[in-house]
Amino acid sequence: MITKEIVHFNKIDEFALNLSKTISNSQFIGLKGEMGAGKTTLTRHLIQKLLKNDNLVVTSPTFTLINVYDDNPPIVHADFFRLESYDDLVYSGIEEYIFNSDYIVIAEWYDKIKFKIPKNSLVISMNIISEFEREISIESIF
Ligand SMILES: Nc1ncnc2c1ncn2[C@@H]1O[C@H](COP(=O)(O)OP(=O)(O)OP(=O)(O)O)[C@@H](O)[C@H]1O
Ligand SMILES: [Mg+2]
């Protein structure tokens, strides 16, 4: 299943709220799209909605590769842009979470590890349409 829509920056919070309602525990959410497409922005709003805290600070784990929110539901935010080797992936600890049925894993630049994505995944692709508009496609992978 693929859905595709153009989402203005003003609507990203509402989009994230609707998306949060479709996400189940243990789901893997992979994000792709060029730099500045809005992967971190969407992830920030999505984590805020999942954890019901719109003030939560969600920053990109570019250097640490993963940030873990040990909350309810437990969430891992990963960013593989700087991933250079399989060893980096192992050291990041991500595998422990990807195959743990409690955690929701949201991964920017997941296509760097595409060969490892689990079943029950959502793939979200973001494309820049204009300064404040993004085309967002969502595909479920079973
Ligand atoms: N409709 C929109 N959705 C998301 N972000 C938008 C939108 N319109 C404008 N923006 C802006 O685009 C920028 C997206 O930056 P962001 O860091 O989220 O991108 P990214 O895809 O995570 O990039 P990177 O690959 O470098 O991590 C932000 O400054 C955000 O405010
Ligand atoms: Mg980012």
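In the set (1) within 26 Å of GLU5 (Cβ to Cβ); (2) within 16 Å of ligand 2 (Cβ to nearest atom); (3) modelled with pLDDT of 95 or more, the condition left unmet by PHE81 is number (3). Whether a residue is within 16 Å of ligand 1 (Cβ to nearest atom) and without any contact (Cβ under 8 Å) to a residue 12 or more places away in the chain was assessed, and SER125 does not pass this test. Scanning region 63-72 for residues that are away from ligand 2 (no atom under 13 Å from the Cβ), within 10 Å of ILE47 (Cβ to Cβ) and not aromatic (Phe, Trp, Tyr) turns up just one, ASP71. Here LEU83, LEU46, LEU17 are screened, and the one residue that is touching a Lys or Arg at 6+ places or on another chain (Cβ under 7 Å) and either part of a helix (DSSP H, G or I) or of a type in the set (Ser, Thr, Tyr) (or both) is LEU17. Looking across region 52-77 at every residue that is in contact with a Ser or Thr (Cβ under 7 Å, 6 or more places away or on another chain) and either part of a strand (DSSP E or B) or among the polar types (S, T, N, Q) (or both), the one that is modelled with the lowest pLDDT is identified as SER60.
Residue-by-condition table, conditions (1) surrounded by fewer than 21 Cβ atoms within 10 Å (Cβ to Cβ); (2) within 11 Å of ligand 2 (Cβ to nearest atom); (3) farther than 15 Å from ARG134 by Cα:
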position: ASN25; (1), (2), (3): yes, no, yes
position: GLY30; (1), (2), (3): no, no, yes
position: GLY36; (1), (2), (3): yes, yes, no
position: THR40; (1), (2), (3): yes, yes, no
position: GLN48; (1), (2), (3): yes, no, yes
position: LEU51; (1), (2), (3): yes, no, yes
position: VAL57; (1), (2), (3): yes, no, yes
position: PRO61; (1), (2), (3): no, yes, yes
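The values are calculated or read from the model by the stated rules, or taken from the named source; none is laboratory data. Worth saying up front: this structure is predicted, and the values here are computed from it rather than measured. Cβ sites come from the backbone with ideal geometry, for glycine too, and all protein chains shown count toward neighbours.
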